[in-house]
Amino acid sequence: MPRLAWARGYAIALAAVSIVTLVIGILESRAHVAGIAMLYLVAVLASATFAGRRAAIVASIAAFLAYNWFFVPPLHTFQVGDPEEWFALVLFLITAAITGQMASQLRDRAREAAVRAAETVHLYGERERLRERATEAEVLRRADELKTTLLGAVSHDLRTPLASIIASAGSLRQPDVEWTAAERTAFLDDIESEARRLERIVANLLDLSRMESGTLRPERGWYDIAALVDDVVGRLRGPAAGHHVNVSVAEDLPPVPLDYVEIDQVLSNLIENALRHTPAGTRIWIDAARDGDAVAVTVADDGPGIDPTSHDRLFDPFVRGGDRRGAPRGAGLGLAIARGLVEAHGGRISAVQRPGGGTLMRFTLPLAEPAAEPVATR
């Protein structure tokens, strides 16, 4: 195979020299042109470019001989009558050889650059494929970790209320026990409260699924934030019976564009979180006020505050804080759901240590009317 390539290169060199010789002969037959031998450099360059260094050397020697044979007196001999012509021919041969060498080196460098470019593209492609595989592996690992966490959290949080419901219902069905009206009412209250707890867990899981899939779309209408706060506080009056709850809503608040059900859930989750993490007898403050072009709602308590080790992950799914003793343990979804719902409204939510002790949760809702959305009326 290399011999065939050399033969092909030599053929290219001889053909190029022959063509240039023919062109020079035509030009010389019409008029004498000084320095016309330099045209042979074209043949040398072409040979170096297309066939390499060996072909360029062959072209240089062939050009030297051809020019001497056809155009240097005495013609059709390799003798040179004028010593100056010898000097010119030797200079031409040296020039042609150097030119061919340089052209060949440029050709080799161009090939090396092309090879390196191809290798770079190949390596880049390999790196991208490895990165994609690593990303896919990381996604699968996180999905598996999330699935494991979800199953662990849900199995625990579903088992507890289900066990309480089954126990209360089983007690009521005992035919040999005469329960008093107060005892029967207590059993039914337990069943109802645990059923509502199950409903909240399922609703949180559905909301989390909608947020993860990107299908969460608030159905906004113009609502009075004071009425919403009153509704939530009234509904949670039972669970909050052991706490001192203070509500303060500014009187000059304008109607706010929001999804009533979703923001009701946000505020409920924040208040329930405060109840769960503070001992009985502590205070909880619920405030709503205007903050520039938004309404800010805060839920603060004077409990133990935020655990520094979990502060950065406080709004991540399945992250649980230290619940107070005897309180129902949460699934770790309430704050994650609250963040998703608030951000879907274009607002922001945060949690900080309250001056003087405790935790302060704060979320904002923009007062601007959302564009290209239907306006509902409650």
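The values are calculated or read from the model by the stated rules, or taken from the named source; none is laboratory data. Just so you know, these numbers come straight off a predicted model, no measurement behind them. So basically every Cβ, Gly included, is an ideal-geometry build from the backbone, and we count neighbours across all protein chains shown. For accessibility, only protein heavy atoms count, side chains too; no ligands or nucleic acids. Shrake-Rupley method; radii C 1.70, N 1.55, O 1.52, S 1.80 Å.
What's the FRET efficiency of ALA368 with ASP189 using the Cβ-Cβ distance as r and R₀ = 35 Å, to the nearest 0.05?
0.20
Top to bottom by accessible area (1.4 Å), largest first, where do TYR10, TYR67, TYR124 land?
If we order TYR10, TYR67, TYR124 from most to least accessible, we get TYR124, TYR10, TYR67.
Heavy-atom accessible area of ARG235 with all protein chains present, probe 1.4 Å, nearest 10 Å²?
For ARG235, the solvent-accessible surface is approximately 120 Å².
Can you compute the label reach from ALA344? Point 7 Å from Cα along the Cβ direction, backbone N cut-off under 18 Å, restricted to the range 193-231.
199-223
Once the piece of chain linking MET38 and GLU119 is laid out straight, how much longer is it, given 0.36 nm per residue of separation minus the C-alpha distance between them?
Length gained, MET38 through GLU119: 25.2 nm.
Quick check: residue separation of ARG235 and ALA250 times 0.36 nm, minus the Cα distance between them. What number comes out in nm?
Result: 3.3 nm gained on full extension.
Between beta-carbons, use under 14 Å as the cut-off and find the net charge around LEU130, counting Lys and Arg +1, Asp and Glu -1.
Result for the neighbourhood of LEU130: -1.
Protein chains only, probe 1.4 Å: how do HIS76, HIS311, HIS345 rank by accessible area, largest first?
Sorted descending by solvent-accessible area, the residues read HIS76, HIS311, HIS345.
With every protein chain left in place, what is the accessible area per residue of the range 224-292 in square angstrom, probe 1.4 Å?
Normalised by residue count, the accessible surface of the range 224-292 is 44 Å².
Report the full-extension gain for the segment LEU27 to SER310: residue separation times 0.36 nm, less the Cα-Cα distance, to one decimal in nm.
Extra length from LEU27 to SER310 when fully extended: 92.8 nm.
In whole percent, how big is the carbon plus sulfur part of the accessible area of the range 242-309, probe 1.4 Å, protein atoms only?
The computed percentage sits at 50.
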